[in-house]
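Here's the structure we're looking at; comments come further down.
The values are calculated or read from the model by the stated rules, or taken from the named source; none is laboratory data. Small disclaimer: the values here were computed from a predicted structure and weren't measured. Glycine also receives a Cβ, built like all others from the backbone with ideal geometry; neighbour counts cover every protein chain displayed.
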Amino acid sequence: MKVSARNVFRGTVSALRPGSVNAEVELALAGGDRLVAIVTKESVRTLGIAVGSEVVALVKAPWVMVMSDASGVRLSARNFLGGTVKSVAPGAVNAEVVITLA
């Protein structure tokens, strides 16, 4: 499978909370971090998503916010991953920042 998303997270579904139209899918990542995604109930059914399933979460780079210090900062973002900057590659318009997670 080829995708344009730069951020690929492999994990295990640790919780599945169905709603009336969408479902909240919680993924446990290898380093102990967790990600939450909202998908349609139809997608849960057709993809066979269940607690214990191995899944892949894809996140496009423009949807990622990076900050150096979260002390005292209040965010509405639900997914928060702490890590260490591994490299920065400046580009003509943007820079690619590689962050190592737990």
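Per-structure values
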item: Qualifying residue in the stretch 76-96 (condition: of a type outside the set (Gly, Ala, Ser) and touching a Ser or Thr at 6+ places or on another chain (Cβ under 7 Å)); result: yes
item: Residue count, the stretch 37-54 (criterion: closer than 16 Å to ARG10 by Cβ, out of contact with any helix residue (DSSP H, G or I) (no Cβ under 8 Å at 6 or more places or on another chain) and surrounded by 14 or more Cβ atoms within 10 Å (Cβ to Cβ)); result: 2
item: Which listed residue, of VAL59, VAL64, is surrounded by 10 or more Cβ atoms within 10 Å (Cβ to Cβ), under 22 Å from ASN94 (Cβ atoms) and touching a strand residue (DSSP E or B) at 6+ places or on another chain (Cβ under 6 Å); result: VAL59
item: Enumeration of residues in the stretch 67-85 that are of a type in the set (A, V, I, L, M) and surrounded by 12 or more Cβ atoms within 10 Å (Cβ to Cβ); result: LEU81
item: Test: residue in the stretch 24-40 that is among the charged types (D, E, K, R) and either over 25 Å from GLY82 (Cα atoms) or touching a Cys at 6+ places or on another chain (Cβ under 7 Å) (or both); result: no
item: Per-region count, the stretch 22-32, residues modelled with pLDDT under 95 and farther than 12 Å from GLU54 by Cα; result: 2
